[in-house]
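A.B. asks: Sending over a structure as C-alpha cells; questions will come in a sec.
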Amino acid sequence: MMNWGRRQRMLALERKWAASYTPTPPEIRAADLVPGTHYAVLMRHASTCWLRAGWRCTCKPVTRFYAERD
C-alpha cells in the first residue's frame, strides 16, 4: 500500500517527465502577433467564472498565444 507522501512524489515525477516529453511551442507576446497567421491560444478562467456553469465569462482570463507548427 502506498502512503500519501510517496504518491505525491510519484505524481510530481510523472508531471515533470510529461512536461519534458511533450514539446511546447514557443510562447508569443500579444504585441508580436501577425494578422493572417495561425496561433494556438490557451485561456485560463478563474474557478469562480460563470463560463464554467454555462453562462458568459465574468472574469479576466489569462490568455497565452503559441506559435503553430507548419
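Only the coordinates and a few stated rules stand behind these numbers; no lab work does. It should be emphasised that the depicted structure is a prediction, and the values quoted were computed from it without experimental measurement. As a convention, Cβ positions derive from the backbone with ideal geometry for all residues, glycine included, and neighbour counts pool all protein chains shown.
A.B. asks: Take G5 and tell me if it is at positive phi and out of contact with any Ser or Thr (no Cβ under 6 Å at 6 or more places or on another chain).
C.D. replies: Working: at positive phi: no; out of contact with any Ser or Thr (no Cβ under 6 Å at 6 or more places or on another chain): yes.
In short, no.
A.B. asks: Working carefully through the options A12, A18, A40, find the one that is surrounded by 10 or more Cβ atoms within 10 Å (Cβ to Cβ), under 16 Å from the mean Cα position of the chain (by Cα) and either of a type in the set (A, V, I, L, M, F, W, C) or assigned to a helix (DSSP H, G or I) (or both). Reasoning before the result, please.
C.D. replies: Working: A12 fails: under 16 Å from the mean Cα position of the chain (by Cα); A18 fails: surrounded by 10 or more Cβ atoms within 10 Å (Cβ to Cβ).
Result of the check over A12, A18, A40: A40.
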